[in-house]
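Here is the structure we will look at.
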Amino acid sequence: MKIDVHDTALMIAWYRAANETASLDPYAKFWFREGAKILAEDFEAKVSEHEGILHGMRNRFMLGKLKEFQQLHPKESCCINLGAGFSMYPYLLQNHWETLEIDFNEVVQYKDLKTAAFQKDNKIPTRTIDRMVANFLTEEGQGKIRNWVQQHPSKPKIFIIEGVFYFLSVEEVSTLLRFCRSLMKPGDQLACNSYRDAIKQTQAFEALQQYFREVLNTTDQANTTLADTFYRNLDGFLLEEVTSTFELAKENGFIDTTVSETVVLNEYCYSLRAH
């Protein structure tokens, strides 16, 4: 099966829409595509039946961090979302901050087109969002992002990096976080997520690897997992919060407390503050 970035981003949007009470995203449903629904349901059937709920909880975590940041900075602030996909965070927040969303060309073009139509039809609030096609691992891409950030030198900033680290090497993750820190001032924040090393011994992870091999016909993802100590030891950052999508789902009653972590793809969510 040939799956591209556009497809997987729409698949994740479907999970948020199908689990709106978990994701707290009433706008995800506007990204509905039958093909994405079929792909998402096939993934849940073959890998983990709880995947949609956990994606909803990841969205809830990131949205919560953004709302907290806006409360700390009620007049003005900036959000830089690296690998934004079809997330709808700016439309769920107050309209007083600058937003930069970065992704691949096909995602950016389609999102620009559709959100303009959604706003015209009064389906979503009107927001002015800068979207950028950039490879944030390259010098050229980082230069474009830096130029945007330098246009807002005095505004507090929060970075979102969601669903990205698994597909990068540990060295690339480290380099990306150092780049983000170079754009931040003390008090700025960064929210991200990754798998822990222990996931590689779980039933769900084995099913994920089989899915990549047999359904998607690919084995070239990095499979990167990170320990909490990786985040605690980052230069220039203070690790302020650690939770997981599985724990959040149980705490909020979306998954029964008897369900084992071995049957879910449990992503850990981190909140970091620059110091």
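The values are calculated or read from the model by the stated rules, or taken from the named source; none is laboratory data. All values derive from a computational prediction rather than experimental measurement. Glycine gets a Cβ as well: all are built from the backbone with ideal geometry, and neighbour counts include every protein chain shown.
For segment 250-267, taking the residues that are closer than 25 Å to Gln209 by Cβ, touching a residue at least 40 places away in the same chain (Cβ under 8 Å) and of a type outside the set (Val, Ile, Thr), the one that is surrounded by the fewest Cβ atoms within 10 Å (Cβ to Cβ) is identified as Glu261. When we screen Gly56, Gly64, Gly52, Gly141 for residues that are surrounded by fewer than 19 Cβ atoms within 10 Å (Cβ to Cβ) and under 22 Å from Leu248 (Cα atoms), the only hit is Gly64.
Name the helices (runs of 4 or more DSSP H) wholly within segment 189-275 that hold at least 1 residues that are hydroxyl-bearing (Ser, Thr, Tyr) and in contact with a Lys or Arg (Cβ under 9 Å, 6 or more places away or on another chain)? Of the helices (runs of 4 or more DSSP H) lying wholly inside segment 189-275, those with at least 1 residues that are hydroxyl-bearing (Ser, Thr, Tyr) and in contact with a Lys or Arg (Cβ under 9 Å, 6 or more places away or on another chain) span 203-214, 245-251.
Apart from one condition, Glu101 fits all of (1) among the charged types (D, E, K, R); (2) part of a helix (DSSP H, G or I); (3) surrounded by 18 or more Cβ atoms within 10 Å (Cβ to Cβ); the exception is (2). Looking across segment 144-174, the residues that are more than 21 Å from the chain's Cα centre (by Cα), surrounded by fewer than 16 Cβ atoms within 10 Å (Cβ to Cβ) and in a loop (DSSP other than H, G, I, E, B) come down to Gln151, Pro153, Ser154.
Of Asn81, Asn122, all but one fail to be assigned to a loop (DSSP other than H, G, I, E, B) and modelled with pLDDT of 95 or more; the exception is Asn122. Filter segment 180-205 down to the residues that are of a type in the set (Lys, Arg) and in contact with a helix residue (DSSP H, G or I) (Cβ under 9 Å, 6 or more places away or on another chain), then identify the one that is surrounded by the fewest Cβ atoms within 10 Å (Cβ to Cβ). Across segment 180-205, the extreme among qualifying residues is Lys200. Annotation: of all residues in segment 219-249 being over 26 Å from Lys157 (Cα atoms) and surrounded by fewer than 17 Cβ atoms within 10 Å (Cβ to Cβ), the one that is modelled with the highest pLDDT is Glu247.
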